[in-house]
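This report concerns only the one structure given below.
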Amino acid sequence: MNTKPVIILAIESSCDETAAAVLSDTNILANIIAGQEVHKNFGGVVPELASRAHQQNIIPVVDEALKKSGVKREDISAVAFTQGPGLLGSLLVGGSFAKAFAQALNIPLIPVNHMQAHILAHFIKASPPGPLSEGEGEQSTPSFPFLCLTVSGGHTQIVLVKDYLEMEVIGQTTDDAAGEAFDKAAKIMGLPYPGGPLIDKYAKLGNPLRYKFPQAKIPGYDFSFSGLKTAFMYFIRDNGLDNTCTTPEEFISRNLNDICASLQHTIVQTLMNKLRLATKELGITHVAIAGGVSANSGLRNALLAEQEKGNWKVFIPPFEYCTDNAAMIAITGYYKFLQGDIAGQDTGTKARLYF
Ligand code: KG4
Ligand code: ZN
């Protein structure tokens, strides 16, 4: 029997990436992302500027995704879009576009939770299957139930994943997210946004044990990173005025690699300690990571070391599916489509959205 594949067009616009993807069943046909340079000198995303850039990028990005996929408009089964969580003005651009597109083609509309999508990125298949890049782990998928550490600029969660669309957040940050800790520390050091990738780059050349930073003592599987940010601020100020340096800038430029390595080591250890506790208490051995910070080499290496010890089987998504992208929205849309979980034209976008 030759059944037609399910073709999903997906739109992601929750923060500062305008993205569109086309998926045929679980195979990705196109995955286009337009970043926004405009935030670089502000130390973070400026919501108003993000919405305007989405408005400019959305049509060209969708157009490119459709062209690259070779899919005709009449073959698209449904349109999936990020419903939330995210910046409301940004979400509205993608949401409104998706609604109009679905209405014009008279096809179903599928709202997707961005955090759930980061996790389901593990189930995307490359088309044709591509080679694995360094540190990606094996190209197999985790089995249910598994634990997923979702770490991004806005979230830090440990999620118990029972099935594709059945997930429970068992631990989360009580204040700043892990990505925010990277970005804010970078800002304190005068590095541009987003600081996470830069700290990762310098950390590779530094000594992770040179400086000690505090790790918050929070019960259960929860996290806290705001104390680290404050401690880091005082650390830079005080060391900048000791008897070897005259300014914080001098201290930073002389010791950048070691500072970055030590800070990254602290963040990674904090995440790993809670993950170890959860796997032990719940008796789960399949561990996945998701979200922008899962691109971090220190975190990837710490997970792979745990796998080498024989404790866990680790699942690390390819780099292009770690940070925000529409392929992950498409795969989530696909599973929702199979369940008949579609929405009407009166559905809206939400800055806060839970699952
Ligand atoms: O998932 P994502 O693209 O967007 C959100 O939904 O927040 O995550 C972005 C976050 C930023 O905080 C960025 O600094 C961080 O992921 N990030 C990294 C790395 N690559 C991206 N943090 C540490 N190391 C990296 N290599
Ligand atoms: Zn994200």
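Here are the numbers for the structure shown:
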{"read-out": "Part-to-part distance (alpha-carbon centres) for segment 272-322 and segment 144-212, which is given in Å", "value": "12"}
{"read-out": "Computed label-point distance, nm, for sites Q103 and R210 using a 7 Å Cα→Cβ extension", "value": "5.7"}
{"read-out": "Karplus-derived HN-Hα couplings along segment 319-325 (A = 6.51, B = -1.76, C = 1.60, θ = phi - 60°), whole Hz, x at Gly and Pro", "value": "3, 5, 9, 7, 7, 4, 7"}
{"read-out": "Computed lengthening from F319 to N27, 0.36 nm per intervening residue step minus Cα-Cα distance", "value": "103.4 nm"}
{"read-out": "The chain - percent of accessible surface contributed by carbon and sulfur, probe 1.4 Å", "value": "53"}
{"read-out": "Value of [θ]222 nm, deg cm²/dmol, for the chain, DSSP H segments ≥ 4, -39500 (n - 2.57) each, nearest 500", "value": "-13000 deg cm²/dmol"}
{"read-out": "Potential extension, E48-A343 segment - 0.36 nm per residue separation minus Cα distance", "value": "103.4 nm"}
{"read-out": "Partner lysines for K187 [C-alpha distance under 28 Å; skip if fewer than 8 residues away on the same chain]", "value": "K40, K201, K204, K212, K217, K229, K274"}
{"read-out": "M167 long-range amide H proximity, modeled H, under 5 Å", "value": "K162"}
{"read-out": "Anchor K72: lysines whose Cα lies under 20 Å away (excluding residues fewer than 8 positions away in-chain)", "value": "K4, K99"}
{"read-out": "Most positive-pole-ward Cα, I188, T285, L304, against dipole of segment 178-320 from beta carbon charges", "value": "T285"}
{"read-out": "Candidate aspartates and glutamates - alpha carbon under 14 Å from K68, same-chain residues fewer than 8 apart omitted", "value": "none"}
{"read-out": "Förster radius 35 Å - calculated FRET efficiency between K201 and R352 (Cβ-Cβ, nearest 0.05)", "value": "0.60"}
{"read-out": "Of every Cα-Cα pair in segment 178-320, the percent that sits beyond 26 Å", "value": "26"}
{"read-out": "Once exposed loop trypsin sites (Lys or Arg not before Pro) are cut out (DSSP; at most 11 other Cβ, 10 Å), longest piece of the chain", "value": "73-211"}
{"read-out": "Where the chain is the region considered: accessible area per residue in Å², 1.4 Å probe", "value": "45"}
{"read-out": "Segment 272-355, relative contact order [Cα under 8 Å, separation at least 6], %", "value": "27"}
{"read-out": "Built amide H within the under 5 Å cut-off of K350, gap 5+", "value": "G84"}
{"read-out": "Helix runs (DSSP H) in the chain reaching 30 Å along axis by Cα, Kyte-Doolittle at least -0.5", "value": "47-69, 248-282"}
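The values are calculated or read from the model by the stated rules, or taken from the named source; none is laboratory data. Keep in mind that this is a model prediction, so the values were computed, not measured. Positions of Cβ are generated from backbone atoms using ideal geometry, with glycine treated the same way; all protein chains shown enter the neighbour counts. Only protein heavy atoms, including side chains, enter the accessible area calculation; ligands, DNA and RNA are left aside. Shrake-Rupley method; radii C 1.70, N 1.55, O 1.52, S 1.80 Å.
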